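None of the figures in this text is laboratory data; all of them are computed from the coordinates on show. Only a predicted model underlies this, so the values are computations on that prediction, with no experimental measurement involved. Virtual Cβ from ideal backbone geometry, glycine too; neighbours counted across all protein chains shown.
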Amino acid sequence: MSDINGSKFQSAVFLLSGIPGQEHNYLWISIPFCFMYAVSIVGNSFIVFIIKTNPSLHEPMYILLSMLAITDLGLSITTMLTTLRIFLLKSREISHDACFAQLYFIHTLICIESSVLLLMGFDRLIAIRDPLRYASILTPQRIAKMWLVCVLRGVVLNLPLPIFLKQFQYCRANILTRSYCTNGEVMKMACSDVTINSVYGLWNALLREGLDSLLILLSYVMILKTVLSITSRTECLRALNTCISHLCVVLAFYTPFLSLTLMHRFGNSPSPSVQIFLGYIYVMFPPLLNPIVYSVKSKQLRVRIVGIFVK
């Protein structure tokens, strides 16, 4: 009993939460979640398959899109395992090691996705500013090297997170508010001094999404500067139209992130359910939206997808 009351007592598991207060509706709630995960996995798999099997799509923009789809597949699978287990089986327990592994993969994949979105912004900038040298600048070999840098960046930057968390003692309530683990929530469960983890987590987020979003904004400032210098209104609109898909996925990715960051750093939301809702949007909405946006906006992808179903 003294061990339980002591500050060094450590629970063997964390308890995940689906949507607090809605436990009696979990079976019905699981239906839209299953649908969203199915669309995300099938849609992104389709994107990867079509780009891989069509040599005419082996262009910089579509190669980067396939990288984004692979990242979204990983993110969907990583969160799906615990989310559907809660809603379908009402199984909430997750061991510390499994939780640390999940949050590592989630943060790593989010970092990779942010990097790929930055590369896609750079791709649009080159395509509009220097179209004649576009293919010679963004060669497949150079894109492969940039992809490797994106992956290594995510792997290395987020590696300290589970290492720090594993050193802490967890003697407080071990109930997490979402159906997946994140660094910020797990850190609040610790009764140790988490200053180093908190500082590193903030620095890590600023270096990842913060820096990437600023560079994407800068790329679009340069794109607008170039587009506004085009005298032909038709050519101007055509150039801007090539950026709409990328802008949509950027907004879908960064808007929930910025909203959650502002809530955590500068005040509480009117209701805890708002943060939970934004947390689900942050990890589920981009993988769901990205294949839909690019399939609708890209004529080449749309034609090939329709062709598969017509056959």
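For segment 144-242, count the residues as N, evaluate 2.2 N^0.38 Å, and divide the Cα radius of gyration by that value, please.
In units of the 2.2 N^0.38 Å rule of thumb, it is 1.66.
Take the Cβ-Cβ distance between VAL149 and ASN241 as r, set R0 to 45 Å, and report the resulting FRET efficiency rounded to the nearest 0.05.
Approximately 0.95, to the nearest 0.05.
At a Förster radius of 30 Å, what calculated FRET efficiency corresponds to the Cβ-Cβ distance of LEU228 and VAL296, to the nearest 0.05?
Once the sixth-power term is evaluated, E becomes 0.65.
Once you have the Cα-Cα distance between VAL42 and LEU27, take 0.36 nm times their residue separation minus that, and quote the gain in nm to one decimal.
Working: separation 15, 0.36 × 15 = 5.40 nm, distance 2.24 nm.
Going from the current span to full extension adds 3.2 nm.
Lone cysteines in the chain, defined as no other cysteine's Cβ under 4.7 Å from theirs: which are they?
Cysteines of the chain left without a disulfide-compatible partner: CYS34, CYS111, CYS150, CYS236, CYS243, CYS248.
For the chain, take the longest principal axis of its alpha carbons; what is the angle in degrees between that and the long axis of helix 272-297, to the nearest 10 within 0 to 90?
20 degrees
Taking each pair of different alpha-carbon atoms in segment 209-311 once, compute 1/r for the pair, average those values, and report the inverse of that mean as the Kirkwood hydrodynamic radius in Å to one decimal.
Working: mean 1/r = 0.0613 Å⁻¹.
For segment 209-311, the Kirkwood estimate is 16.3 Å.
Can you give the angle from 0 to 90° between the axis of helix 60-89 and the longest principal axis of the chain, with both taken from C-alpha atoms, to the nearest 10?
Approximately 30 degrees, to the nearest ten.
With only Lys, Arg, Asp and Glu charged, each at its Cβ (+1 for the first two, -1 for the last two), find how big the charge dipole of the chain is about the Cα centre; round to the nearest 20 debye.
Result for the chain is approximately 740 debye, rounded to the nearest 20.
Between the helical axis of 140-158 and the dominant principal axis of the chain, each derived from Cα atoms, what acute angle in degrees is found, rounded to the nearest 10?
In the chain, helix 140-158 runs at an angle near 20 degrees to the longest axis.
At 10 °C and 1.306 mPa s, grab the translational diffusion coefficient of segment 42-116 from Stokes-Einstein with a Kirkwood Rh over Cα pairs, rounded to a whole number in µm² per second.
Rounded to a whole number, D works out at 114 µm²/s.
Which of THR71, THR79, THR195 comes first, and how do the rest follow, when ranked by fewest Cβ neighbours within 10 Å?
Arranged by neighbour count, lowest to highest, THR71, THR79, THR195 become THR195, THR79, THR71.
So what is the 222 nm mean residue ellipticity for the chain from helices alone, if each DSSP H run of at least 4 adds -39500 (n - 2.57) and you divide by all residues, rounding to the nearest 500 deg cm²/dmol? Show your work: numbers first, answer last.
Working: 14 runs with 232 residues, N = 311.
After summing the helix terms and dividing by the residues of the chain, the value is -25000 deg cm²/dmol.
Most exposed first by the Cβ proxy, i.e. fewest other Cβ within 10 Å, how do VAL283, VAL116, VAL156 rank? Don't skip to the answer; put the middle values down first.
On the way: VAL283 22, VAL116 25, VAL156 11.
Final ranking by Cβ density, sparse to dense: VAL156, VAL283, VAL116.
Take the Cβ-Cβ distance between VAL13 and PHE49 as r, set R0 to 41 Å, and report the resulting FRET efficiency rounded to the nearest 0.05. Please list the in-between numbers first.
Working: r = 38 Å, r/R0 = 0.93.
Efficiency, from the Cβ-Cβ distance: 0.60.
Mind pulling up the Rg/Rh value for the chain? Radius of gyration and Kirkwood radius, both on Cα.
Taking Rh as the inverse mean 1/r over Cα pairs, Rg/Rh reads 1.01.
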